[in-house]
Amino acid sequence: MFKYVKHTNYPIEIKKKDLKMAKYLITQFGGANGELGAAMRYFSQKFSMPDDYGKALLNDIATEELGHSEMIASMVHQLTKNATVKELEEAGLGSMFADHGKGIYPTDASGVPFTVSYFAVTGDPLADLMEDMAAEQKARATYENLINLTDDEDVIRILLFLRQREIVHYNRFKDLFLYYKKKGY
Ligand SMILES: [Fe+2]
């Protein structure tokens, strides 16, 4: 069960329109290393963790990642808010507008829609946690790529926060992996 809190996990206050950045940033909503995939990965995998601690850890991180999906979607919304159709077209977002108007649709930076094949569930805690550690490192690297694609401080501040959370998640998954390995799972 979930309770929705009516504000984002970190304040999203972007003042400058930047359609190019919106086109890149959407990948952290619906791309292979994005927040939606992370949330769905951990929500799905938690059931086969061997104890309540592991289940709770995956559930906690999945919930946080869903909150991060909301942050990325809000960022894309703010970056594109007052754009004209012509501006969207010029920024390479004409196809997105044709299919989705100004709605926020989960794709990667090339416009490829989100797919469940971005994550796996093996039912084996060590195999799944190994994937989770890699996923967190890939998310961190993607945030670093995105930071290098902008000079807007309002955007960078949020991306640095999200990058830091991926490092925290990586370490939590690593600790759980080592604990289960020691226990012989
Ligand atoms: Fe994460």
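The values are calculated or read from the model by the stated rules, or taken from the named source; none is laboratory data. Keep in mind it's a predicted model, so treat the numbers as computed, not measured. When we count neighbours, we look across all protein chains shown, and the Cβ atoms used for this are built from the backbone with ideal geometry, even at glycine.
Numbers at a glance
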| read-out | value |
| --- | --- |
| Pairs, first closer than 15 Å to SER69 by Cα and surrounded by 10 or more Cβ atoms within 10 Å (Cβ to Cβ) in the range 1-25, second charged (D, E, K, R) and modelled with pLDDT of 95 or more, C-beta under 8 Å, six or more apart | THR8/GLU70; ASN9/GLU64; ASN9/GLU70 |
| Pairs, first farther than 18 Å from LYS20 by Cα and in contact (Cβ under 8 Å) with a residue 40 or more places away in the chain in the range 151-175, second among the β-branched types (Val, Ile, Thr) and within 15 Å of the ligand (Cβ to nearest atom), C-beta under 6 Å, six or more apart | HIS169/ILE61 |
| The lone exception for HIS100 - which of (1) touching a residue at least 12 places away in the same chain (Cβ under 8 Å); (2) more than 14 Å from the ligand (Cβ to nearest atom) it fails | (1) |
| Single residue of the range 119-132 satisfying the filter (in contact with a Lys or Arg (Cβ under 9 Å, 6 or more places away or on another chain) and assigned to a loop (DSSP other than H, G, I, E, B)) that is surrounded by the most Cβ atoms within 10 Å (Cβ to Cβ) | PHE119 |
| Residue count, the range 69-95 (criterion: more than 16 Å from ILE14 (Cβ to Cβ), touching a residue at least 24 places away in the same chain (Cβ under 8 Å) and touching a Phe, Trp or Tyr at 6+ places or on another chain (Cβ under 9 Å)) | 2 |
| Positions within the range 32-54 being buried (at least 19 other Cβ atoms within 10 Å of the Cβ), more than 8 Å from the chain's Cα centre (by Cα) and within 19 Å of PRO106 (Cα to Cα), in sequence order | MET40, ARG41, TYR42 |
| Matching residues in the range 59-74 - criterion: being within 18 Å of GLY103 (Cα to Cα), more than 10 Å from the chain's Cα centre (by Cα) and within 16 Å of the ligand (Cβ to nearest atom) | none |
| Residues located in the range 44-53, provided they are in a helix (DSSP H, G or I) and more than 16 Å from the ligand (Cβ to nearest atom) | PHE47, SER48, ASP52, TYR53 |
| Matching residues in the range 1-30 - criterion: being within 16 Å of ALA62 (Cα to Cα) and either outside any helix (DSSP H, G or I) or among the β-branched types (Val, Ile, Thr) (or both) | MET1, PHE2, LYS3, TYR4, VAL5, THR8, ASN9 |
| Top-ranked residue of the range 147-159 - restricted to ones that are assigned to a helix (DSSP H, G or I) and surrounded by fewer than 21 Cβ atoms within 10 Å (Cβ to Cβ), ranked as nearest to the ligand (Cβ to nearest atom) | ILE147 |
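For (1) assigned to a helix (DSSP H, G or I); (2) over 22 Å from ASN171 (Cβ atoms), each residue gets a yes or a no:
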site	(1), (2)
ASN59	yes, no
THR63	yes, no
LEU66	yes, no
ALA73	yes, yes
ASN82	no, yes
GLY103	no, yes
ALA109	no, yes
SER117	yes, yes
